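These notes are about the structure you will find just below.
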2 protein chains.
Amino acid sequence: MVVARTLSGFKDRLPNEALIKHDTIEKLSKTFKNFGFAPIETPHLEYAEILVKQGSDEIQKELYRFNDHGDRDVALRFDQTVPLARFVSQYRNELGMPFKRYAIGNVFRGERAQKGRYREFTQCDFDFIGTYSIGSDAEIIQVIVESLYALGIDDFTIALNNRKIMNGFAASLGIADKIEDILRIVDKITKIGEEQVSQELEEIGIAQESVAKLIDFISKNGSGVDFFEEIAPYKACDALTKTGIEELESIYEILDLLDIDPKHYKIDFSIARGLGYYTGVVYETTLNRIPSIGSVCSGGRYDNLTQNFSKELMPGVGASIGLDRLIAALEEIDGVSSRQTPAKVLIANLDSNLLKECYRIGEKLRALGVAVEVYPEGAKLKKQFSYANKKGHRYVMPIGEDELQKEIYSLKDMESGNQESFDSLQKLSDSLL
Amino acid sequence: MVVARTLSGFKDRLPNEALIKHDTIEKLSKTFKNFGFAPIETPHLEYAEILVKQGSDEIQKELYRFNDHGDRDVALRFDQTVPLARFVSQYRNELGMPFKRYAIGNVFRGERAQKGRYREFTQCDFDFIGTYSIGSDAEIIQVIVESLYALGIDDFTIALNNRKIMNGFAASLGIADKIEDILRIVDKITKIGEEQVSQELEEIGIAQESVAKLIDFISKNGSGVDFFEEIAPYKACDALTKTGIEELESIYEILDLLDIDPKHYKIDFSIARGLGYYTGVVYETTLNRIPSIGSVCSGGRYDNLTQNFSKELMPGVGASIGLDRLIAALEEIDGVSSRQTPAKVLIANLDSNLLKECYRIGEKLRALGVAVEVYPEGAKLKKQFSYANKKGHRYVMPIGEDELQKEIYSLKDMESGNQESFDSLQKLSDSLL
C-alpha cells in the first residue's frame, strides 16, 4: 500500500473549489477576448537555459530543474513571461505585431512552504506586445477593471506609477547607479514601513539628505487635477521624470473618458515593483476590504521583452493576476462555497426498475437547458436527500411509479424546504430558468 | 543570446490553435457539468511512488522523474487516472459517494518523438466513482455522444465490449491464465490484422483450435435484437460471459430509450483495451471519416480503482478524450483555422490624436456585447486593413474626424468586401449579433 498524499506545497482542488476556479477562469477569459486578447499555450517544461537567464538568483534556486530522458537540461516554468519572450521571438512573423495574448496556466517555484503560498500555482497573464502606444498602457488598466467587475468585485484600487519618474528623480539626486537597490528597498515599504526603508537606503550608501527627499517623494499619492499640480514641480528635476509624469497624464486622459469609476485608480510614487525588466508604467491592485493579502494584479511596461533571444527591441505592457491568491481573498470575503456539484437538480430514483425512466427524464430536462444528475441506483428517498444535501443540489425531483403514471412531477427546494408540483417537464424546467 | 526553441515532443499553440482548443474545452466542460460531473484539480507533480505502482513497465520508463529541492523522489503525472485514485482515497469522506468528476489537464510521457505524438498532451477525463449501477455505464456512453455532438461531430461510432465476455470465453477454452496476453494481442488487431493476431496467439502457446475459436469470437460485431440473438449461444460458455452479455443488453435497453441515434453505438468483441485495470464494459470511439487516427475517446469499468491506496473496493466507470488527437482530427476534416484573434471588430484609428475617442467607442461596443479590438496607434488605413487580414477580424470600423463629427460609422466586412454605414453604435452592434 502507498500512502495517498500530495507533495508539501502542492494542492488538490475538490469540486467546491474547482467549480469556483473554473468559473473565475471562464469570466476572465471572456473579458480578455472581448478586448481582442487571444489565448496561447506554451509547454510546462522548457530547456533550462531559456528560463535561467531571465530569472533572478532567488528564482534560479527555486527552479524545478532536472535532466530528461535525452539528458537535456530542462526545467518547469516559474512564470509565463519568460516563455512569452521565447514564444514571441520564435513566431514573430507568424504572429504579426502588435500582438495581444493571454495565458492562464500553472507555474512552479520550489519556495519554502508557508501558509497561502504554493509551489505550483495558477497565473493569469495578459500582455500587449509590439507597441509603445500609451493607449495600450491605458487598455491594460481598463482590462484589470473589467476583469474584477466580471468577478463581481467592486471595492478595489489600482495604484499606478511610472519607473521613469523614479529613475529621473534618482538621477537628479546623483544616485542613478543605485536605482535597482532603491527600487528593491522601496518595494518593501508596505511590509517594513518608512523608518526601515530609510535605514536600508542609508545602508546602501545614500546620503541622509537624499534619503529624506526620496522618502518625501515616495509618500506622494493621489488623483485628479490637484494631484497633477502637486507633482508638477518634479518635472523640473529631470527630462525622464517629466516624460513619466506626462505619460501618466495621458493615461488619465483616456481613463477619464471611459466609464470607469475614478475611485478605482490613483497614482502612488511608492509603487516600485521588484522585477528588473519594467521600464515605464507599473501598477498594483489592492482589494480594499482585504489589503493584507497584497496585490492581486500587478504589471507594467517593459521595453525589451525578448533581449535574451533577439537583438530586436520588443516593447510591451501587461499584467498578471495571481488566481489562487485572488480566489483565497474572495473566500475570505464571501466564505468558502460548499457546493460540490454543477447540477441544479438531482433526480431521485425510488425504484431500481425505473432506472431507464429516470435517465429518459434526465435527458429531457437537459434538452430543456437544466443541468441534471440522475441518482444511479434505486434507493430510499432519505438517502438520496442526504446525498443532495452533501453535494449541494438545489432541487430534488423524486421519480417513482406514481410520478410516471400521473405524469405529475414534484420538485423539492433543498434550501427553503418547499415542494412544488408540475404537470409537465416543460413547466418544471421553466420554473428553474 | 539563447536560441528560442521548444523541447522535442513539446508544442506551443499559437492563437488560431489555442482558440479552437479553449472553445473545445469550454463545450466539453459544459456537457460534463450538465450531467452533474464536477471539475477537480490535482497537481502536475506527485510523489513518484504514487505513480509508479500503477503504471506499466513502459510507462515507468517514460516517466519524468527526478529529485526535488527536499530530495523527494517526484514525477510528473503520466495520466489523470492514477491521481484520481490517490484523490478518491484521500478525500473519500469529504467527497461522498457516488462521486462524478471530470478533469482536463496535461500529462507527460517521455515517448520516442513521432508525428502527432507529443510528450506533453491534454487529457479530458470523466469518471463516475462508487457505484456498480449499469446506469452509470450507460451514462458514460451518453456523455461521449453528447460531448461529440457539442463539438459538432455527428459521424462517429462507439464500439462497446465487456471484459467479462472475453474472460469467461477464455476460461471456457481453458486458457484463462493467458488472458492478459490475449487482451494485449487482440488490442492490436486493427493495426496488425487477423493473421498476425493468430500467429502471436499461437506463439504464447494457445492451441490452433482455440486460436480459431478466439478469432471467430473477436470477429463478432453488430447491434440490435438480431445481433443479441447471434451471440446468445456464448452465454452457455461460462457464467461470466453470460453476465457480460446481459450487462450489454441492459445498457442497450437504457440507450434505446434515450434520443440517441442507434448508428452511434455497436458491440464489437474485438475491443480489448490494453490497460489491466478494466473489469467490465469497455469502449472505443472512432470518427468514421478518419478512422486511421484511432480512438478519440476510450474507457470502461474498473472495480478496484484505489487498490494501491486502500483495502476498500472502489468501483467506477469512466472515459478519456485525447483532446490533442481529437483536435488534430477535426483539423484534418475541416482544415486548420487561420483566425488569430477572438475580436470580431477592429477599430481602425486614422489619427493618433483620436486615440481616446477610439477607446471610448470600443468600450461602448463591448458594453453592447461585441468583442472589439482598438488599433493602438494612429496609422494608415491600408496598414490596419492588412493587420485585420492577418489576424482574422471579420470587420473593420475606421474612425477619423469625419466619423466622429457626423456620428456615422461604417463597417467593412473583410470576407465579402462589403461596406455598410450606421447612424448609431446600437444599430451597428445589432447588425453583428
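Please treat every number below as a calculation from the coordinates, not as lab data. Model, not experiment: these values are computed from the prediction. All Cβ positions, glycine included, derive from the backbone under ideal geometry; neighbour counts span all protein chains shown.
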Exercise. Kindly express, to the nearest 10 degrees and within the range 0 to 90, the angle between helix B:323-334's C-alpha long axis and the longest C-alpha principal axis of chain B.
Key: 60
Quiz item: With +1 on each Lys and Arg Cβ and -1 on each Asp and Glu Cβ, how big is the dipole of the stretch A:285-433 about its Cα centre, in debye rounded to the nearest 20?
Solution: 280
Quiz item: Dipole magnitude of the protein assembly as shown about its Cα centre, charges +1 at Lys/Arg Cβ and -1 at Asp/Glu Cβ only, in debye to the nearest 20?
Solution: 640
Quiz item: residue A:259: net charge of surrounding residues, Cβ under 11 Å, Lys/Arg +1, Asp/Glu -1, itself excluded?
Solution: -1
Quiz item: Roughly speaking, what is the stretch gain from residue B:243 to residue B:263, that is 0.36 nm per residue apart minus the C-alpha to C-alpha distance, in nm to one decimal?
Solution: 4.7 nm
Quiz prompt | Interchain or long-range residues, amide H under 5 Å from residue A:119's placed H | solution = A:10
Exercise. Summarise the partner chain shielding of A:42-52 as one whole number: the mean count of Cβ atoms from other chains within 10 Å of each residue's Cβ.
Key: 5
Self-check item: Footprinting exposure proxy for B:383, B:266 (fewest neighbouring C-beta atoms within 10 Å first)
Solution: B:383, B:266
Self-check item: Angle in degrees between helix B:163-172 and the longest Cα principal axis of chain B, rounded to the nearest 10
Solution: 20
Practice problem: List, in order, the whole-Hz ³J(HN,Hα) value for each residue of the stretch B:92-109 obtained from phi through the Karplus relation with A = 6.51, B = -1.76, C = 1.60 and θ = phi - 60°; use x for Gly and Pro. | Solution: 2, 6, 4, 6, x, 10, x, 9, 10, 9, 10, 8, 10, x, 8, 10, 10, 9
Quiz prompt | Check: chain B dipole with +1 on Lys, Arg Cβ and -1 on Asp, Glu Cβ, in debye | solution = 1440
Quiz item: Once the Cβ-Cβ distance between residue B:12 and residue A:427 is put in as r, and R0 is 41 Å, what FRET efficiency do you end up with, to the nearest 0.05?
Solution: 0.20
Quiz item: Put the label 7 Å from Cα along Cα→Cβ for residue A:303; what are its distances to the other copies, in nanometres, shortest first?
Solution: 7.1
Quiz item: If each residue's Cβ is checked for other Cβ atoms within 10 Å, how do B:325, A:86 rank with the fewest at the top?
Solution: B:325, A:86
Quiz item: With Cβ to Cβ distances under 12 Å as the rule, what net charge do the other residues near residue A:93 carry (K, R +1; D, E -1)?
Solution: 0
Quiz item: If you count, for every residue in A:347-359, the Cβ atoms of partner chains within 10 Å of its Cβ, what is the mean?
Solution: 3
Practice problem: Amide H neighbours of residue B:314 under 5 Å, at least 5 residues apart or on other chains, H built in the peptide plane: list them. | Solution: B:305, B:306
Self-check item: Residue order, fewest to most surrounding Cβ atoms within 10 angstrom, among B:334, B:238
Solution: B:334, B:238
Quiz item: Using the alpha-carbon atoms, what tilt in degrees (0 to 90, nearest 10) does helix B:239-257 show relative to the longest principal axis of chain B?
Solution: 30
Quiz item: Just from its helices, what would the mean residue ellipticity at 222 nm be for chain A, if runs of 4 or more DSSP H residues each count -39500 (n - 2.57) and the sum is divided by every residue, rounded to the nearest 500 deg cm²/dmol?
Solution: -13000 deg cm²/dmol
Practice problem: Please list A:46-52, B:90-96, B:404-410 highest first by mean number of surrounding beta-carbon atoms within 10 Å per residue. | Solution: A:46-52, B:90-96, B:404-410
Exercise. Would you mind getting me the FRET efficiency between residue B:111 and residue B:181? Use the beta-carbon distance for r and R0 = 22 Å, nearest 0.05.
Key: 0.45
Exercise. Could you work out how far apart the two model spin labels at residue A:408 and residue B:71 are, taking each label as a point 7 Å from the Cα in the direction of the beta carbon, and quote it in nm?
Key: 7.4
Quiz item: Which cross-chain or sequence-distant (5 or more) residues have an amide H under 5 Å from the amide H of residue B:414, H modelled 1.01 Å from N in plane?
Solution: B:395, B:396
Quiz item: Could you give the distance between the Cα centres of the stretch B:117-135 and the stretch A:13-36, to the whole Å?
Solution: 22
